[in-house]
Each structure stands twice: as C-alpha cells, then as structure tokens.
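I have placed the structure first, in the form of structure tokens, so that the comments after it can refer back to it.
The values are calculated or read from the model by the stated rules, or taken from the named source; none is laboratory data. Predicted model only: the values in this text are computed from it and were never measured. Quick reminder, even Gly has a Cβ in these numbers, built from the backbone with ideal geometry, and neighbours come from all protein chains shown. All accessible areas refer to the heavy atoms of the entire protein, side chains included, with ligands and DNA or RNA removed. Shrake-Rupley method; radii C 1.70, N 1.55, O 1.52, S 1.80 Å.
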Amino acid sequence: MPGDLLTASFPCDACRCAKLYSGNEAVPTFRPPKMEYLGHTQTATYMTGPRLGGSNTQTFLPSISTMQASYKANDTYPAPSPLRRSLTTLPWRPSTYYQTARVNPSSALVRSMPEPFSARNQLSELDNVKVPSVFAAARNAMYTRFSPNDWANSNQSNYLVSDKTRSAAERLRFDTVRLCRETDDKTKRTQSDVGKRLGERIGDISFWKTEVNHETDNMMTEIGALNEAKRILEKALQETENPLHISQECLYHREKRQGIDLVHDNPEKELIREVDIIKRCQDKMRNTVERANVQLGLNRAAQHELEKDEGDKFNALNLDNSCHQMRNNSRGLSFHNGIARVDHTVSVPESWAKFSNDNIQRSQSERAASRQMRNEIESVLNSCANEMWQEWNNVNVNLTKRCQESTDARNRLQTHLSKVLQEIFDMEKNIELIKKAIQDKEQPMQVAHSRLETRTHRPNVELCRDPVQHRLVSEVQEITETVESLQMKLRMAENALQELLRTKAALEQDLAIKNNSIFIDREKCLGMRKTFPMSPRIVSV
C-alpha cells in the first residue's frame, strides 16, 4: 500500500479529481457491515486514522479484502479505489462511483524494493510531475476498475449462490410436492379408513337391528298367546257362574222342605261345600287373570322398548348409509365450523351394545315369565275344573241317596196310614167329636203353616233360619201337641180313636212332607244337575 493517506469523495462522475498529499502513513481500521433485512440496501462504515503533515483531512474508503490480498500477491498493479456507497444501487450490482487513487510510476514498481518504505520514497520523487489531463483520465479508467480475479471471484460467488439458491428452491419444490402427495395419500387413507369404519358400523347396526326385530316378533307372538290364554280363563271364569247358580238354586229349593225334613243333611253339606269350592276357584281365576294382565303390561313395555330401539337403529342405519355413500363430489356438502370440537355422542360402543342386549334379555325374561303364566293358567283351569267336577259328583250322589231314603220312609208311612185308616173306620162313632177338636186347631195350624210357607219365599240370603223360623216350626209342633193333649184330656175314654186320628193326621202330614222333599231333591235338584255346565279348556297344544 502507498505510504500516504489517500482520500476522495465524489458526488458524481463529472466531478472526479485526484489530490495527492504527502504525510505520514495512517493505519486503516475496518468495521464489519451491519446486518440488515432482506430487500434493504446494505451499508458499511469505514474509519481511517488522521493524516499527519497536512491541514486538510479527508476520509477514504479502504480497498476490499479480496482486492488487497490480490495486490499483495502482485505488486505490479496498485489497488483500485474502493467502492463508493450509493443508496440508488442494488446490493448485487457494483457501484458506478469510483475514487481516484495515487499510484506510483511503472518504472518504480519494476525495481526491487529493499525496504518496506521504498515505494513511499519513490512516490515522493514524482510529486512535482505534471501529467496531462487526458492521460490522467485514461490512467484513472485503467486503475479504478476491479481486477480479473475479483471479476472471476464475483462470478464464481454468483454461481455458487445461484447453485445454492436453486438447490434450496429445488429441495423446497420437491418437499412441497412430496408433502402434497403425502397429505393427499394420508387424506385418502383417512377417508378410506373412515368409510371402512362406517361400513363396520353399518354391519353392527344391521346385526343388532335384526336381533331386535326377531325378538320383537317373538314377543308379539307371545303376547298373542297370552291374550288367548287369558281369554279362555276369563270365559271359564264366566262359566263358573252356571254351576254356582245351580248349587245356590239347589240350596234355595231345599229350604222349601217342610217339617222334619228340613234338616242339615249330607246333600246340604255337600252343596255348601260346592259353593265354597266354586267361589274359591273363582277367586283363584280372578287372581290369575289379574297377574296375566300385569304380565301383559310388562310384555307390552318390553315390546315398546324393542320397537323404540328398532326405530332408533333404523334412523341411525339410514344416516350412516348416507354418510357411507358421501364422496368428495357429492352434493350438499358444506362446512360446519366447530362441529368437531363439540361431542354430541351420549354412549360408547360398549354401552350401545349393552343397551340393545339388555332390551333383548329383558324381552326374553318377560317371554319366559309369560310362558310360565300360560302354564299356570292351564293348571288353574284344570285344577278348578277337576275340583268342581268332583264336588258336583259328590252332591249328585248324596242327593240320590237322600231321595232313596225319603222314598223308603214315604212307603213305610203309607203302610202305617192304611192300618190307621182301617182302625178309624171301626171307631166312626167318635168321628164327629174328633173332627170338632181337630177343626178348632186347624186355623192356628194353618196360620203357622202359611207363615212357614210365606217365609220360604224370602229372597237370597234373607232366607235365614232365624228364631222366627224356629219358633214357627215349634209352633206347629206345639199345636200338634196341644191337639193331642186336648184329645187325651177330652177323650180319654176314646183315647184310642183320637190317637188313631192324630196318628192319621201326622202320617198324612209326614207323607206330604216326604213327597215334597222327594219332589225337591229328585225333580228340582237332580233335574238341574244332570250335566256339568262347564268343561275344562285347553290353553296350549
């Protein structure tokens, strides 16, 4: 480098000039450029030491490092003037402003320099040489350009930067294409996986929907069977009114028996027992009907849950089929902002399957209970029919036996009556007196008999064996005893005839009672009980 400090500042190309100063050597200080944003004009700050030996001090830009290194290697050519900063130039274009620098003659540069300051000494010898302005311009044009090495280095740097930029851009393009392909493949795989899962979900819904439909059909069949069994049971319950009515009618008719025949015999006991059995069977049937109604309600509730579940699955199946058929080119697609952040679900696959499984299990348990109820209905029908049939036969047997006993007693009474009549014929002389005594007691006897007969027309449960009834019966007996005592008192002498007449009357009365009892038991009671008025129904085949 020259020993003198060279400084220049040119506002434009027309004002280029060179001034040469002599003085002590100043050491330049280089400050690195500040980092600026891409697109801004880069700036650099340079500082130089003060020039010694001169009054005017100016600032010169030092040569760039590459140029300085190149001129150190080759001292034939001096360093060109550094690049002047211009705000109008781009950072990748060289500046059009240059500085002039003081150079040594070529003759001085050819000679070898024994010491470092030889160049400065020879430059001082040429201070007074006057160079024409044309040659000065040519010389300035020659030595103010960049060197070929700088040019080559600049091109090489541009090549490297271009290669690096292109490589980065190419990598970015490849990464972008790869990313686009990967995202497309990932999106397609995700959409395909969603479609596969939708298909699996549709299969699950179809399976459970089929199971629910099958169970619903079974439940409907069971409900129909239980309704039929309940109908048969209700009809049997209504039919029990016939044997109950017949038993009660038999009891009512037997209350019309008179005198001594109005006894609590075996037929009456069996009739009362038959009424109790029929009523107990009716209560059992009513209870069974009520429980069948409750079971029907439970069956219908289970059927309702199954039908509701079936309807929900039908709607869900249609919606999932619609989702499964959606494609990228389908119509009606739109954005729904925030739909993925809101969870509208209310169940998980486990609870979803458990819900349908619970409904099916509930329906199966209700169907099992319904089958058990139908079996119970059939058992109740059979047991009640058997009990009533058995008691019906017992009543008929006892009535038949009672009729036979009454017939035998009537026949014996008729025999005795014949004998008494024959004896009375022999005692005609006392007939008028006997008739008079009997006529005096006929009215009270008729009143008592009329009262008894009238009280037999009391309806239903009012036909009670109350004290009045007992008193009326005892009144008849008392009148009879009174007649007998009067006959005994009045006709002691004629005791035999009176006794015959009284016996005749008692026998006739007893015969009438027996005939009445036989008529009631044989014609009225057994006449109504020829056939059993109901038959057991078969609920299930």
Filter pass, Val294 being free of Cβ contacts under 8 Å to residues at least 12 places away in the same chain, open to solvent by less than 70 Å² (accessible area, probe 1.4 Å) and assigned by the TED database to the domain that holds Val461
no
Working only within region 444-464, note down all residues that are hydrophobic (A, V, I, L, M, F, W, C) and either in contact (Cβ under 8 Å) with a residue 24 or more places away in the chain or not in a helix (DSSP H, G or I) (or both).
Met445, Ala448, Leu452, Leu463, Cys464
Identify, by number, the condition in (1) open to solvent by 80 Å² or more (accessible area, probe 1.4 Å); (2) part of a helix (DSSP H, G or I) that Arg327 doesn't meet.
(2)
Name every residue in region 331-382 that is surrounded by 11 or more Cβ atoms within 10 Å (Cβ to Cβ), of a type in the set (Ser, Thr, Tyr) and farther than 13 Å from Thr288 by Cα, in order of residue number.
Ser356, Ser363, Ser365
Being assigned by the TED database to the domain that holds Lys313 and either touching a Cys at 6+ places or on another chain (Cβ under 7 Å) or open to solvent by 50 Å² or more (accessible area, probe 1.4 Å) (or both) is the requirement here; does Asp217 meet it?
yes
It is to be established whether one or more residues within region 232-252 are modelled with pLDDT under 90, assigned to a helix (DSSP H, G or I), buried (at least 17 other Cβ atoms within 10 Å of the Cβ) and on the phi > 0 side of the Ramachandran plot.
no
With Ile205, Ile260 as the choices, which residue is over 30 Å from Ala385 (Cβ atoms), of a type outside the set (Phe, Trp, Tyr) and crowded, with 17+ Cβ neighbours inside 10 Å?
Ile205
